[in-house]
Amino acid sequence: MSVETAEGALREALDRVEAAGEGLRSRDRASIADVVAEAWERIADPELSCGRAARERIPVSSGLSLPMVAWALSVTFEDVRAELASLAARMEPPEGTREAPARLSALVLAGNVFTACVAPLCAGLLAKVPLVVKASTKDDVMPRLFVDALREVDAALADACLVVAIPGGTSNLEATLFARADAVSAYGTDETLRSIRDRLSASTSFVMHGHGLGLGYVSPDAELEGAAEAFALDVAAYDQRGCMSPHAIGVHKGADAHRFARHLAAALSALQTTMPRGPLPPEVGAAQVQWRGVAEARGLLIEGSCCAVSYEGDVPPRLTPGWRNVMVFETDRFAERAAAYGAHLKTVGVAGEPDRVARALPTPLSPRVCPAGRMQRPRLGALADGLPPWQGFRRLLSVET
Amino acid sequence: MSANTADDPGRDALAAQIAERIERVADGSRDDAALDRLLGALASWQARRVEPYGRLAARAALPTDVFRYVRVAGHPPELDVRVWRTSGTTSGRRGEHPLRDLSLYDLAARTAARHALFPDVERMRLIMMAPRPEDAPDSSLSYMLGRFQSWFGTRTDWLFPVDGRLGALLRSAREPIGLLGTSFAFVHAEDQLGAERFALPAGSRVMQTGGFKGRSRAIEPEALRRAIAERYGVAEASIVEEYGMTELSSQMYQLTLRGVAHRRFWVPGWVRATVRDTETLAELSEGEAGILRIDDAANLDSVCAIQTSDLAVVRDGAIELLGRASGATPRGCSLAIEEALG
């Protein structure tokens, strides 16, 4: 069910979605996982209508190239059935507790990465919570495709999932939605999140996922060429527009950062053939000129095919405009450099031993730490901002005897 | 030749050529062939003396962000007479533009302002809605307005921050007034003055400049112009916007006081304005949108070829601004991240 509506129609739609929650809460979690997996597999399959629609519409709405979209669909859903089964098992309430799902949850999405909706949609439905998805007006294709695919598989479950696009300036519709939701999970800028938080009641569960970025690290014993190829994929994925995209890669002073930078530029250029970058928006192009100019003025700039790598010695990481511009810096104090990102650091990719790097990160940093090449391929059950993906969708009721 | 430049005959020769060019085109004329020869000589001289620019020779125009990270000057710091600094309120680190000598800056500023802002009057009463130069020694705008006080002012009042004195000054005005200030100062004035309206004497004019820099709510240029016209009782043609930046020595103005109907920015004859493709940096034709590059001959002691972040179109040799890129802040990332990284 998907609806753009005035306030009265929105209220009716919310009534229907909330009513579908009763049936949802009575279902076995494993069966929900099966149905959701089936829906995503249909979108991943280029031979099916959902899959064809995804490949036709997402490049247009996202600005990503078709090969990039196809890659993202392939890797995101390659193990979706097993990952959903695993997530479902983890979500069973511990002994001595019973779950108390929200009656209705609002999921507010940003528009920068089209697969960002997958994890919260899965977690929300596995938490047995009816969902109202407020998609970005710039890109609501993926959540709508999901609900359409879900309806093909299981109409009753699809009734528990509503996608709305609320245009800017219709604050009354947002107010209606937030008043009804007893849980809100939101993705966006600091300003967006503050605005939402200020409009929620004190009793509404609110989980915020602010914008952020990623950082890479090459340990002294890493093989540089392989590390460069892995990180090139991390940089190129989603044209470096995501919250997990690495903007800078620190190379331990024991390794040859200059050589790594050259390998990285070559690997990124090679990816332009298989996963070309989307068209560059003018304002990003203007920012790119500025960023590359600074790199060239004070360090080394290696420009490749629709990409650039800077090497600027042992200096603090400098934010890039994204779109396949990445900074390489030398360091023997990576944890200190990482700490500068604070809560905005979402993912650390490591060419080397992720565990060693994770242990060195200062508290309260809580990024996802993973091998290089997987920065933009989190598993469905991965923590988000240090929290389980079902955070906020349900509470646990303790039963003392 | 100033004492600061006494040991630099190469510089002095260029300075003399630049000054001669400015004076020759003070009437608003242009000789682009002569200007291009001068800019070419200047760029070559600067590439040898300004290290970061020399590294960018292939790129040929220095992006403004470079001023935030490295020193951009052809002279050592001990010869600085001024250092202009960007406001830093929207982008963390402040850019710095060191100057060894202010004579070319003064000549360019006076010549352009005479042509565009005070074409019909030698001197007039001025009200400046900006900090005094002594209160903001690193502000090129405050410095310029201070020079306007000397060159074009009879009585000059300074109001910053804008407060109730503005209304008192305007109510008592019996002669034409030049009201000059930043865009955010005019927004603050709107909030200060409530419902009061004024009818400034004929011959009054307004100059507004700059963005809002996070210091006030942002208002569309046309809306602000209408608000100013209504508030102060001046025709919209008497409201002139100025375009300048810390990294330049010259300013560009709209020519509505000279009867030019459009709102594009006039490019003085010692400045070249072109728009560039955002990926190739190739020069685009008139009418095509791209990022604005300014070649400012008055920028003797830094770099004359400056690449801005501003999206623009050039039509009939004048600049039409389309907005400013958000700097290095990528889509989906907040200003807070950039500030955290410094």
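Figures for the structure shown
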read-out: Residue selected from the stretch B:268-280 under the condition surrounded by fewer than 22 Cβ atoms within 10 Å (Cβ to Cβ) and in contact with a strand residue (DSSP E or B) (Cβ under 8 Å, 6 or more places away or on another chain), by the criterion nearest to the other protein chains (Cβ to nearest Cβ); value: B:ASP277
read-out: Residue among B:ALA189, B:ALA185, B:ALA195 that alone is among the hydrophobic types (A, V, I, L, M, F, W, C) and more than 27 Å from the chain's Cα centre (by Cα); value: B:ALA195
read-out: B:VAL303 being within 14 Å of another protein chain (Cβ to nearest Cβ) and in a strand (DSSP E or B); value: no
read-out: Residue match in the stretch B:86-93 (condition: in a helix (DSSP H, G or I) and buried (at least 16 other Cβ atoms within 10 Å of the Cβ)); value: no
read-out: A:VAL251 being in contact with a Phe, Trp or Tyr (Cβ under 6 Å, 6 or more places away or on another chain) and either closer than 22 Å to A:LEU345 by Cα or part of a loop (DSSP other than H, G, I, E, B) (or both); value: yes
read-out: Test: residue in the stretch B:70-83 that is within 24 Å of B:TYR143 (Cβ to Cβ) and at the interface with another protein chain (Cβ under 10 Å from one of its Cβ atoms); value: yes
read-out: Residue match in the stretch A:132-139 (condition: farther than 23 Å from A:GLN391 by Cβ, within 14 Å of chain B (Cβ to nearest Cβ) and either touching a Phe, Trp or Tyr at 6+ places or on another chain (Cβ under 7 Å) or buried (at least 20 other Cβ atoms within 10 Å of the Cβ) (or both)); value: yes
read-out: Residue that is most open to solvent (accessible area, probe 1.4 Å), among those in the stretch A:173-201 that are in a loop (DSSP other than H, G, I, E, B) and more than 14 Å from every other protein chain (Cβ to nearest Cβ); value: A:ARG199
read-out: Enumeration of residues in the stretch A:127-148 that are among the polar types (S, T, N, Q) and within 16 Å of the chain's Cα centre (by Cα); value: A:SER136
read-out: Residue within the stretch A:109-126 that is part of a helix (DSSP H, G or I) and among the β-branched types (Val, Ile, Thr) present; value: yes
read-out: Residues (within 11 Å of another protein chain (Cβ to nearest Cβ) and either farther than 19 Å from A:TYR311 by Cα or modelled with pLDDT of 95 or more (or both)) located in the stretch A:323-337; value: A:TRP323, A:ASN325, A:MET327
read-out: Residue in the stretch A:202-225 that is nearest to the other protein chains (Cβ to nearest Cβ), counting only those that are within 25 Å of A:ARG394 (Cβ to Cβ) and open to solvent by 60 Å² or more (accessible area, probe 1.4 Å); value: A:MET208
read-out: Search result, residues across the stretch B:242-265 that are outside any loop (DSSP other than H, G, I, E, B) and open to solvent by less than 30 Å² (accessible area, probe 1.4 Å); value: B:GLU242, B:TYR243, B:MET252, B:TYR253, B:GLN254, B:THR256, B:PHE265
read-out: A:ALA30 closer than 25 Å to A:ARG90 by Cα, open to solvent by less than 60 Å² (accessible area, probe 1.4 Å) and at pLDDT 95 or above; value: yes
read-out: Residues of the stretch A:371-385 that turn out to be open to solvent by less than 40 Å² (accessible area, probe 1.4 Å), farther than 17 Å from A:LEU224 by Cα and either touching a strand residue (DSSP E or B) at 6+ places or on another chain (Cβ under 8 Å) or within 14 Å of another protein chain (Cβ to nearest Cβ) (or both), as a count; value: 4
read-out: Hits in the stretch A:273-293 (condition: more than 11 Å from chain B (Cβ to nearest Cβ) and either under 12 Å from A:ASN325 (Cα atoms) or in a helix (DSSP H, G or I) (or both)); value: A:THR273, A:THR274
read-out: Residue check, A:ALA228 surrounded by 24 or more Cβ atoms within 10 Å (Cβ to Cβ), assigned to a helix (DSSP H, G or I), in contact with a Leu (Cβ under 9 Å, 6 or more places away or on another chain) and free of Cβ contacts under 8 Å to residues at least 12 places away in the same chain; value: no
read-out: Matching residues, the stretch B:113-146, being among the small types (Gly, Ala, Ser), farther than 15 Å from B:SER238 by Cα and surrounded by 23 or more Cβ atoms within 10 Å (Cβ to Cβ); value: B:ALA130, B:SER140
read-out: Neighbours by Cβ (under 8 Å, 6+ apart or cross-chain): first from the stretch B:165-179, in contact (Cβ under 8 Å) with a residue 40 or more places away in the chain; second acidic (Asp, Glu); value: B:LEU169/B:ASP157
read-out: Test: residue in the stretch A:106-127 that is open to solvent by less than 10 Å² (accessible area, probe 1.4 Å), of a type in the set (S, T, N, Q) and in contact with an Asp or Glu (Cβ under 9 Å, 6 or more places away or on another chain); value: no
read-out: Flag if B:ASP163 is at pLDDT 95 or above and among the acidic types (Asp, Glu); value: no
read-out: Odd one out for A:ALA265 among (1) under 29 Å from A:SER61 (Cβ atoms); (2) in a helix (DSSP H, G or I); (3) touching a residue at least 12 places away in the same chain (Cβ under 8 Å); value: (1)
read-out: Among residues of the stretch A:294-318, those that are open to solvent by less than 10 Å² (accessible area, probe 1.4 Å) and of a type outside the set (Ser, Thr, Tyr), counted; value: 7
read-out: Number of the exception - A:THR347 against (1) open to solvent by less than 40 Å² (accessible area, probe 1.4 Å); (2) assigned to a loop (DSSP other than H, G, I, E, B); (3) of a type in the set (Ser, Thr, Tyr); value: (2)
read-out: Residue identified as of a type in the set (Asp, Glu), surrounded by fewer than 18 Cβ atoms within 10 Å (Cβ to Cβ), over 20 Å from A:ASP159 (Cβ atoms) and touching a residue at least 60 places away in the same chain (Cβ under 8 Å) among A:GLU56, A:GLU7, A:GLU47, A:GLU83; value: A:GLU7
read-out: Failed criterion for A:GLY96 (all others in (1) over 22 Å from A:PRO389 (Cβ atoms); (2) open to solvent by less than 10 Å² (accessible area, probe 1.4 Å) hold); value: (2)
read-out: Candidate set: the stretch B:281-300, residues that are outside any strand (DSSP E or B), away from every other protein chain (no Cβ under 14 Å) and not aliphatic (A, V, I, L, M); chosen: the one least open to solvent (accessible area, probe 1.4 Å); value: B:ASN299
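Each row is one residue, and each column tells you yes or no for (1) under 24 Å from B:PRO98 (Cα atoms); (2) modelled with pLDDT of 95 or more.
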{"site": "B:LEU126", "(1), (2)": "no, yes"}
{"site": "B:PRO133", "(1), (2)": "yes, yes"}
{"site": "B:TYR143", "(1), (2)": "yes, yes"}
{"site": "B:PHE152", "(1), (2)": "no, yes"}
{"site": "B:THR156", "(1), (2)": "no, yes"}
{"site": "B:ALA168", "(1), (2)": "no, no"}
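The values are calculated or read from the model by the stated rules, or taken from the named source; none is laboratory data. Note that the structure is a prediction, hence the values are computed from the model and not measured. All Cβ positions, even for glycine, are placed from backbone atoms using ideal geometry, and neighbour counts span all protein chains on display. Only protein heavy atoms, including side chains, enter the accessible area calculation; ligands, DNA and RNA are left aside. Shrake-Rupley method; radii C 1.70, N 1.55, O 1.52, S 1.80 Å.
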